Amino acid sequence: MEAPDRDYSRQSGGSGKVCKEAERPETMKAMLLDEPRTPLRLRDVPVPEPGATQVRVKVAACGVCRTDLHVTDGDLTQPKLPIVPGHEIVGRVDKLGAGVTRFALGDRVGIPWLGHTCGVCPYCRAGHENLCDDPGFTGYQIDGGYAEYAVADADYCFALPEGLGDVEAAPLLCAGLIGYRTLRMAGPCRTLGIYGFGAAAHIVAQVARHQGIETYAFTRTGDGEAQAFARALGCVWAGGSDEPPPVPLDAALVFAPVGALVPRALEAVRKGGVVVLGGIYMSDIPAMPYRLLWEERVVRSVANLTRRDAEEFLALAPRVPVRIHATAMPLSEANEALDRLRRGDLVGALVLVP
Ligand SMILES: [Zn+2]
Ligand SMILES: [Zn+2]
């Protein structure tokens, strides 16, 4: 992929109304998805201007989430196109909309998947804004963080805990937030299974250990590296997803987008146990005998996040303290990063740096 550098210019003159920004480029590098199932293309696009309720952020890091793969692969069917993917954005506020008082210039903020909600639908009114009837999601309907700058509604951005660098903080914003919501939906438990030991699981395992939960990690069969990683993070057992756990589980979280894991997880949980599906997309769940669900076992999904989830988790993370295993890659290698995620060729989280 070639960068069309010839269009790039650092024009500084001419526009009186932005004279304070004379040093700032008018265009930026962004990785754009033009059509699903085509590679992202590195492009020069105008630096976005924040609206009255928005902040503009100079992106320092943006995590690569499995949901980005579901956007680029066309599994999620309602993207704005072209779209700048990426919804685990860490950066510093470099311009404020006229109505924004929540942040100041230079503040470090995180921008998550939940980019906007309507505030008036029955779900929003009932405190379930994650289920809003008219939402906007970052990196899906709203341009995201695979770029040098991003704009976001200030009310949906968050201050980030100190003590983590920009690259390490990025995975908190989806793997962490939605992983935390998934764990919370499991309810009180003493023994917990986690199917799929990627970015979300590596954070959830640390939170679970902090809460005194015994965690059992299930990886792809024979993935010794992921199993060793899980044990290093405090899981009491790690094995292949085709193996039964050594004890019945109170709950299981499924982060891998593999429907065939649902009956396996149901087999692993005790009577009354809960299986929580943490992903936005999953291959079909195979037909299964009713006895797997019998005895009041529960299967439920988790959709999106609320701002309350974000506030709770970002306050909790430094108390655990959550440590992030992240691999940084240049923004221009976003396609390679997505391929690595698709192949499972990583441990922990991948993060793009512009
Ligand atoms: Zn709503
Ligand atoms: Zn995500």
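Annotations
- Residue tally, condition in a helix (DSSP H, G or I) and assigned by TED's automatic domain parsing to the domain that holds GLY86, over the range 305-354: 13
- Looking at the range 195-291, the strands (runs of 3 or more DSSP E) lying wholly inside it that each contain 2 or more residues that are surrounded by 14 or more Cβ atoms within 10 Å (Cβ to Cβ) and among the polar types (S, T, N, Q) sit at 214-219.
- Applying a threshold of 7 Å to beta carbon distances and a minimum spacing of six or more residues, or different chains, the list of pairs starting in the range 283-296 at a residue that is within 30 Å of GLY74 (Cα to Cα) and ending at one that is loosely packed, with under 12 Cβ neighbours inside 10 Å and not charged (D, E, K, R) is empty.
- Residue within the range 139-151 that is buried (at least 24 other Cβ atoms within 10 Å of the Cβ), part of a helix (DSSP H, G or I) and more than 16 Å from ligand 2 (Cβ to nearest atom) present: no
- Residue within the range 125-138 that is in the same structural domain as VAL90 (by TED's automatic domain parsing), hydroxyl-bearing (Ser, Thr, Tyr) and within 21 Å of LEU350 (Cβ to Cβ) present: yes
- Criterion (touching a residue at least 60 places away in the same chain (Cβ under 8 Å) and within 16 Å of ligand 1 (Cβ to nearest atom)) met by exactly one of ASP134, ASP155, ASP166: ASP155
- Any chance GLY163 is modelled with pLDDT under 95 and not assigned by TED's automatic domain parsing to the domain that holds PRO48: no
- Among (1) more than 25 Å from ASP75 (Cα to Cα); (2) within 13 Å of ligand 1 (Cβ to nearest atom); (3) touching a Lys or Arg at 6+ places or on another chain (Cβ under 8 Å), the one test that CYS121 misses: (3)
- Cβ pairs under 7 Å, 6+ apart, first in the range 25-39 and at positive phi, second in a strand (DSSP E or B) and among the basic types (Lys, Arg): none
- If you go through the range 49-78 and keep only what is away from ligand 2 (no atom under 16 Å from the Cβ), outside any strand (DSSP E or B) and among the hydrophobic types (A, V, I, L, M, F, W, C), you end up with just ALA52.
- Selection from the range 164-196 of residues that are in contact with a helix residue (DSSP H, G or I) (Cβ under 6 Å, 6 or more places away or on another chain) and away from ligand 2 (no atom under 16 Å from the Cβ): LEU192, GLY193, ILE194, TYR195
- Which numbered condition TRP294 misses (of (1) of a type in the set (A, V, I, L, M, F, W, C); (2) crowded, with 21+ Cβ neighbours inside 10 Å; (3) at pLDDT 95 or above): (2)
- Scan of the range 169-189 for residues that are of a type outside the set (A, V, I, L, M, F, W, C) and buried (at least 22 other Cβ atoms within 10 Å of the Cβ), ordered by number: PRO171, GLY176, GLY179, TYR180, ARG181, THR182
- Here PRO330 meets each of (1) out of contact with any Leu (no Cβ under 6 Å at 6 or more places or on another chain); (2) free of Cβ contacts under 8 Å to residues at least 12 places away in the same chain; (3) farther than 15 Å from THR219 by Cα with one exception, condition (2).
- Qualifying residue in the range 254-267 (condition: at positive phi and not assigned by TED's automatic domain parsing to the domain that holds LEU114): no
- Listed conditions (1) outside the structural domain of PHE229 (by TED's automatic domain parsing); (2) in contact with a helix residue (DSSP H, G or I) (Cβ under 7 Å, 6 or more places away or on another chain); (3) among the small types (Gly, Ala, Ser) are all met by GLY278, apart from (1).
- Residue list for the range 87-115, restricted to those being more than 16 Å from ligand 2 (Cβ to nearest atom) and not in a loop (DSSP other than H, G, I, E, B): GLY91, ARG92, VAL93, ASP94, LYS95, LEU96, ARG108, VAL109
- Restricting ASP68, ASP107 to those that are under 18 Å from LEU33 (Cβ atoms) and either of a type outside the set (A, V, I, L, M) or away from ligand 1 (no atom under 16 Å from the Cβ) (or both) reduces the list to ASP68.
- Residue satisfying condition, being buried (at least 22 other Cβ atoms within 10 Å of the Cβ) and touching a Leu at 6+ places or on another chain (Cβ under 6 Å), within set PRO50, PRO112: PRO112
The values are calculated or read from the model by the stated rules, or taken from the named source; none is laboratory data. Note that the coordinates shown come from a computational prediction; the quantities given were computed from them, not determined experimentally. Please note: Cβ atoms are built from the backbone with ideal geometry, for glycine as well, and neighbour counts cover all protein chains shown.
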